[in-house]
1. Which of the residues spanning the range A:502-527 are over 19 Å from A:Glu404 (Cα atoms) and of a type in the set (Asp, Glu)?
2. Whether any residue in the range A:23-36 is touching a strand residue (DSSP E or B) at 6+ places or on another chain (Cβ under 9 Å) and among the aliphatic types (A, V, I, L, M) is what I want to check.
3. Can you run down the residue pairs with Cβ atoms below 8 Å, 6 or more apart or on separate chains, where the first is in the range A:554-570 and within 7 Å of RNA strand B (Cβ to nearest atom) and the partner is among the acidic types (Asp, Glu) and part of a loop (DSSP other than H, G, I, E, B)?
4. Confirm whether A:Ala326 is more than 14 Å from RNA strand B (Cβ to nearest atom), modelled with pLDDT of 90 or more, in contact with a helix residue (DSSP H, G or I) (Cβ under 8 Å, 6 or more places away or on another chain) and among the hydrophobic types (A, V, I, L, M, F, W, C).
5. Under the condition of being more than 10 Å from RNA strand B (Cβ to nearest atom) and surrounded by fewer than 18 Cβ atoms within 10 Å (Cβ to Cβ), which residue from the range A:221-240 is farthest from A:Asp258 (Cα to Cα)?
6. How many residues are touching a residue at least 24 places away in the same chain (Cβ under 8 Å), farther than 12 Å from A:Gly144 by Cβ and not in a helix (DSSP H, G or I) if we restrict to the range A:681-699?
7. Show me the helices (runs of 4 or more DSSP H) found entirely inside the range A:1-120 where at least 1 residues are hydrophobic (A, V, I, L, M, F, W, C) and within 16 Å of RNA strand B (Cβ to nearest atom).
Amino acid sequence: MPEKFLKPYDPAATEGRLYGEWEKSGLFNPDECVRRGAARADAPAYSIVLPPPNVTGRLHMGHALMLAIEDIFVRYKRMRGFRTLWVPGTDHAAIATQAVVEKQIKKDEDKSRHDLGREEFVRRVEAFAEESHGTIVSQLKTMGASLDWSREAFTLDDARSRAVRTVFKRMYDAGLVYRGHRIVNWDPKGQTTISDDEVVYEERPAKLYTFRYANDFPISVATTRPETKVGDVAVAVHPDDARYRDFVGKEYDAVFCDVPIRLKIVADAAVDPSFGTGAVGVTPAHSQTDWDIADRHGLSHQNIVISEYAKMTVPGRLNGMKTAAARGAVVEWLKREGLLEKEEDIRQNVATAERTGGIIEPLPKLQWFVDVNREVPGRGASLKELMLEPVRSKKIAIIPDHFEKTYVHWIENLRDWCVSRQIWYGHRIPVWYRGEEIQVGVEPKEVGWTQDEDTLDTWFSSGLWTFSTLGWPDDAGDLKTYHPTDLLETGYDILFFWVARMILMTEFALGTIPFRTVYLHGLVRDAQGRKMSKSLGNNLDPVDIAAKFGADAARMALVVGNTPGTDTRISEDKVKGYKHFANKLWNIARFILENADDADAAVPLSEADVAHRAALDALTREVTADIDGYRVYLAAEKLYHYAWHELADNIIEESKPVLQGADAAAKASRRALLARLFDRTLRLLHPFMPFVTEEIWQSLPAKDADYLMVARWPVVE
RNA sequence: GCGCUCUUAGCUCAGUCGGUUAGAGCGUUCGCUUCACACGCGAAAGGUCGCAGGUUCGAAUCCUGCAGAGCGCACCA
């Protein structure tokens, strides 16, 4: 028996070495598995693409959970003989990464990106991304993820850039990507547009002011943003509102806080007669709703009174003031003029930018959009409909299935997707202009063309991930073999951001689904159920945890009892429990090596031993069905329970007198049984705890594969 | 406003979509230098399954209502 079994199991001395051995063996690569006879050349394929972590820093516990679940499926399928591919990669995460570097440069050098210039700034971001990439790769390996590194991808590398340009060009030619002057979510802090999904609403206290535009103006209106009223072009009332019916269609002139305005009274069903005075000042350039009202009544959209820097751009006293200051100034003026009628405290949802926290300023801008309602040529359906169909028809199954409703509900409310961003890091929009001319896709050879300054929303490139990583637009081997992928495993919090976009992009570019099953895991919270965050300081670093207790223990702690779609809690104590379990396996191994290392598998089993074997057969069937049914949380728990409380507590204990007794046949049978049960247990546990099981396996005297990783999963008929 | 989820032992959660006596981990109590393991072993206590109805031979599980917690979307003048 190897010396190491005389001491407790030491994950730190084992895990890194074993990962290196696995990697060197090449067996994470399905082609190599075929070459080495670990998978048949005609075996069915099984594929997962790793949701690419952002190159913004380090992995968190959510990543660790994702890796644990995906690696369980990948290792299980590999042991079942599938040509199993798990593609690694990272995401350039445009805004997020740029923001990190901008902050860093501001802090270190007190410079903005404009001080550095586009070229130099992008170089800095790339250097940061490179460094961050290295950290992330080593963290992925620490967790034991059996990824095929020969196929690693990055959302901003050359192959992925080619895919992005190709999709953009095809969408443009199909009329599905268009440039339009529309109201967008402008983030004055990040100086860029963002999509509707990147807006987060925060409830804050606010004041609702009721006022008149002028003394002779007949209607009072209520607003939380008096400073925007210099941009009003109309007052809207509900068509059935008897109070205002006589005024509809009339126009009034006023000078509002030095700004001359002309207001038309319009009737629109979007107005809620019970809110405020039942009359709304319409500011088309600075509110989506008002923009829509203006559309319906043929009013001007172009009365812009706020700049990209959230400053007033009007004649008179307000000019150049920040919106917050202008608000005060307008209220002052209203009071002085006797126009302010009421001031009340209310709670208001304020739109903020997810990444920068800046308050969103809706502004009309010339941007690129993906049209989700226009018919896709040759498909007889819009992108929206193409996103709905595979989920409704169950071609894509979402686990847990109640998220299918959430998904459908979201798609039905979807608006056109603004894909252009005014940031520098990312895929530059593949469009060139020369005067009135425009060229899309490939840079023109002639002089005089200039490329669009903007970059694409990061989700545009990650939306292509399942097929851009497999060689598309070339219709070559990997794409044919591994696409559509089998499983997409990710957090429910990015169902809309990412999962929906992948379905959109894949339906458009390939006319098929990107994956057959979506498994959504929940958030990983701390022991008190709080979200992990920097400000609370309650973050657990998966690499620290793995160093302290072993990656196997971390994986088990994250997986056991963690049902899909439900948040889970993690604490060091919980992980510690599974470190003890790894040690328990270690000691079982010691017992087996001491007592059954010379077991003869051919010996006939006694009646009692046959029963033990049958019980494990039953468990094997259950665990297999659980994994196939995506109940890994149950499979893990059952195996834990079997190894500890059945194999160790009962079977080994009752074996002691037998092994020391005089009945030679019973002894031989028991030795064969123990060797057999333990061999089986290691195989079943391997996807969950790959390191300790592999380490023990390699010390077993009789084994049918060099690596447990590619040993056969036990199939019981 | 529309929609979704949750409420089971002191704590954290399962309960594979109706079937003996409702399970696990942690915690608690008691006892163990038992020759695989103190990162351990043995034993024990602990639950009107949120509340009220209904369906059923049978309900933690299905239906209705109520209460509490959380989440998503929309609105937010």
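The values are calculated or read from the model by the stated rules, or taken from the named source; none is laboratory data. Just so you know, these numbers come straight off a predicted model, no measurement behind them. Methodologically, a virtual Cβ is constructed for each residue, glycine included, from the backbone with ideal geometry; neighbour enumeration extends over all protein chains shown.
1. Filtering the range A:502-527 down to residues over 19 Å from A:Glu404 (Cα atoms) leaves A:508-511, A:524-527.
Residue satisfying the conditions is A:Asp526 alone.
2. In the first step, residues of the range A:23-36 are kept if they are touching a strand residue (DSSP E or B) at 6+ places or on another chain (Cβ under 9 Å); the result is A:28-31, A:33-34.
If we keep only those that are among the aliphatic types (A, V, I, L, M) too, we end up with A:34.
Yes, because at least one residue in the range A:23-36 is touching a strand residue (DSSP E or B) at 6+ places or on another chain (Cβ under 9 Å) and among the aliphatic types (A, V, I, L, M).
3. Hits for this filter: A:Arg569/A:Asp526.
4. On the way: more than 14 Å from RNA strand B (Cβ to nearest atom): yes; modelled with pLDDT of 90 or more: yes; in contact with a helix residue (DSSP H, G or I) (Cβ under 8 Å, 6 or more places away or on another chain): yes; among the hydrophobic types (A, V, I, L, M, F, W, C): yes.
Yes.
5. Taking the range A:221-240 and keeping what is more than 10 Å from RNA strand B (Cβ to nearest atom), we get A:227, A:230-234, A:239-240.
Filter once more, so that each one left must be surrounded by fewer than 18 Cβ atoms within 10 Å (Cβ to Cβ): A:239-240.
Details: A:Pro239: 31, A:Asp240: 34 Å.
Step by step, filter the range A:221-240, then rank; the result is A:Asp240.
6. Going through the range A:681-699 one residue at a time, the tally reaches 1.
7. Values: elements: A:11-25, A:30-35, A:61-79, A:94-109, A:113-116.
In the range A:1-120, A:11-25, A:61-79 are the helices (runs of 4 or more DSSP H) which contain 1 or more residues that are hydrophobic (A, V, I, L, M, F, W, C) and within 16 Å of RNA strand B (Cβ to nearest atom).
Conditions tested, residue by residue: (1) touching a Lys or Arg at 6+ places or on another chain (Cβ under 9 Å); (2) at pLDDT below 95; (3) surrounded by fewer than 24 Cβ atoms within 10 Å (Cβ to Cβ); (4) among the acidic types (Asp, Glu).
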position: A:His645; (1), (2), (3), (4): no, yes, yes, no
position: A:Val658; (1), (2), (3), (4): yes, yes, yes, no
position: A:Asp663; (1), (2), (3), (4): no, yes, yes, yes
position: A:Ala666; (1), (2), (3), (4): no, yes, yes, no
position: A:Leu677; (1), (2), (3), (4): yes, no, no, no
position: A:Arg683; (1), (2), (3), (4): yes, no, yes, no
position: A:His686; (1), (2), (3), (4): yes, no, no, no
position: A:Met689; (1), (2), (3), (4): yes, no, no, no
